[in-house]
Each structure stands twice: as C-alpha cells, then as structure tokens.
Amino acid sequence: MSAYTFRSSKPDHWTSPRPFRDPTLRLMHHGRVQPMEQHRSGLLARLLALG
C-alpha cells in the first residue's frame, strides 16, 4: 500500500471547512441581523417602513 493519496478533482465546498469570519466582516458582508418574528403590520406600513 502507498501512503500517497490521489485526488482527481479539487475538494467540494460543502465538505471543506469554511474560513473564519469575525462578526465585523459578517456585518459588512450581510448587514445587520434581522429579527425572525413575523411582522403583523399591513402592506402599506411595511412599504413605508412604519411597522
């Protein structure tokens, strides 16, 4: 048996670990964290950002 490994293609991004991203970089990339609760305001209020 050989100690060498053979890979025919580059690693898949789903199986490779993601690089570290600190909260400041995440904020610059994605923006502020949004609440998950549902807004109960109407369509007009949501369009005018009053709700």
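Fully extending the segment from Met28 to Thr5 would add 4.4 nm, taking 0.36 nm per residue of separation and subtracting the current Cα-Cα distance. Ranked by the mean number of other Cβ atoms within 10 Å of their residues, highest first, the peptides 24-30, 10-16 fall in the order 24-30, 10-16. Full extension of the chain between Leu43 and Thr15 gives 5.9 nm of extra length, using 0.36 nm per residue less the Cα-Cα distance.
All of the numbers you see were taken from the coordinates with simple rules; none came from a lab. On a predicted model such as this, the values are computed, not experimentally measured, just so you know. Reconstructed Cβ throughout: ideal geometry from the backbone, glycine too, with neighbour counts over all protein chains shown.
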